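Reviewing the structure listed below.
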Amino acid sequence: MNKSELFSSISNDLKSRLHLLEDKPEETIESTLKTLWLTAAGIPVSAEGSIKLSIPDLTEKQIENLHQLIELRLNNTPLAHITNRQSFMGIELLSDRRALIPRKETELLGRKALELSNSIVKSKGRIKLIDVCCGSGNLGIAIAHLNPNCIVFSTDISQEAVELTQDNINFLNLNQRVQVKQGDLLSVFETDEYYEKTDLIICNPPYIQSSKVQKMDSEIASNEPALAFDGGMLGIKIIQKLISEAPKFLTSEGWLIFEVGAGQGNFITQLCERSQLYQLIESVSDDSGTARVILAQKIRPSNSQT
Ligand SMILES: C[S@@+](CC[C@H](N)C(=O)[O-])C[C@H]1O[C@@H](n2cnc3c(N)ncnc32)[C@H](O)[C@@H]1O
């Protein structure tokens, strides 16, 4: 069997056997097979990264390896855990069981935060950003990678997530501009060094109701940390704390920008308004018109000169 015959025969088989998840739209039959093929050939790559590459010829040993990887995938191991790669905002990152696999939908928050960081750099020359609930480090690292005038402090309550973030910082050679520390929400920044010094706080918090976390698809529930999803009884426990704690760390007119679950947008906007801590509150919707990102600009102190 030549290369293309083998590819289409495996593809046909996968059509009836592979379960694809809605929240990983980049994973199709074709991208999954290409990703596993390249990985078997010694080129670990994400599903998105595989699109740009062509598949090489495989040796007998590599074909055997490909079949083993396919079995792993069919047995519910996430693709990103088999390849140890996931793409985020076009950047290849390391991914494994230690933290949530970055989702495509979170790029809406990433792009908005990058846009804001670029406009702050235009007026200030440089920007300080905190990425809280950093997981694998994807958001802060992508922004630091794409905006060379950005300094990032990342934090997560999970020590394993912090270690994966550190691996990603090393992977992209960003040690000079990205640091990561373990802690509960913004607790590691409770010093004068950080009060009112951050231009942008970004966060993709856990926002799923506790009762729904165990009912998630088994591929997710058995391979990704529950801590990454569980937002308490109503799903908004972390978001509520963030809204009240962020201003202490933000510069005058600094921004808090975070992801919310589908259907949470209106309520969270009201929470920001009721807090009276923000002067401007906006939401950004995805392609289906659902609000998925909230931006809130810290209220200017009443004694401010400008
Ligand atoms: C939805 S995941 C987001 C991960 C990553 N930022 C992303 O976009 O893929 C939420 C993260 O919040 C972390 N987390 C949960 N509770 C936290 C807390 N109280 N303080 C800091 N991080 C927390 C989890 O460990 C998890 O890594």
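Restricted to helices (runs of 4 or more DSSP H) entirely inside region 1-99, those with at least 2 residues that are at pLDDT below 95 are 3-17. Out of curiosity, is Ser95 buried (at least 19 other Cβ atoms within 10 Å of the Cβ) and assigned by TED's automatic domain parsing to the domain that holds Ala291? It is false that Ser95 is buried (at least 19 other Cβ atoms within 10 Å of the Cβ) and assigned by TED's automatic domain parsing to the domain that holds Ala291. Checking Ala142, Ala161 one by one, the residue that is at pLDDT 95 or above, assigned to a helix (DSSP H, G or I) and under 16 Å from Arg111 (Cα atoms) is Ala142 and no other. Have a look at Ser244, Ser211, Ser275, Ser285 and point out the one that is under 30 Å from His81 (Cα atoms) and out of contact with any Lys or Arg (no Cβ under 9 Å at 6 or more places or on another chain). After applying the criteria, what remains is Ser211.
Of the helices (runs of 4 or more DSSP H) contained entirely in region 194-278, those carrying at least 3 residues that are at pLDDT 95 or above and more than 16 Å from the ligand (Cβ to nearest atom) fall at 265-275.
Residues in region 185-214 that are buried (at least 22 other Cβ atoms within 10 Å of the Cβ) and without any contact (Cβ under 8 Å) to a residue 60 or more places away in the chain: Tyr207 only.
Residues in region 102-115 include at least one that is away from the ligand (no atom under 16 Å from the Cβ) and either assigned by TED's automatic domain parsing to the domain that holds Lys181 or in contact with an Asp or Glu (Cβ under 9 Å, 6 or more places away or on another chain) (or both). Would you call Val132 touching a strand residue (DSSP E or B) at 6+ places or on another chain (Cβ under 7 Å) and either more than 30 Å from Ile236 (Cβ to Cβ) or surrounded by fewer than 16 Cβ atoms within 10 Å (Cβ to Cβ) (or both)? No: the conditions fail for Val132.
The values are calculated or read from the model by the stated rules, or taken from the named source; none is laboratory data. Remember, it's a predicted structure, so these values are computed and weren't measured experimentally. Note that we place each Cβ from the backbone using ideal geometry, even for glycine, and neighbour counts take in every protein chain shown.
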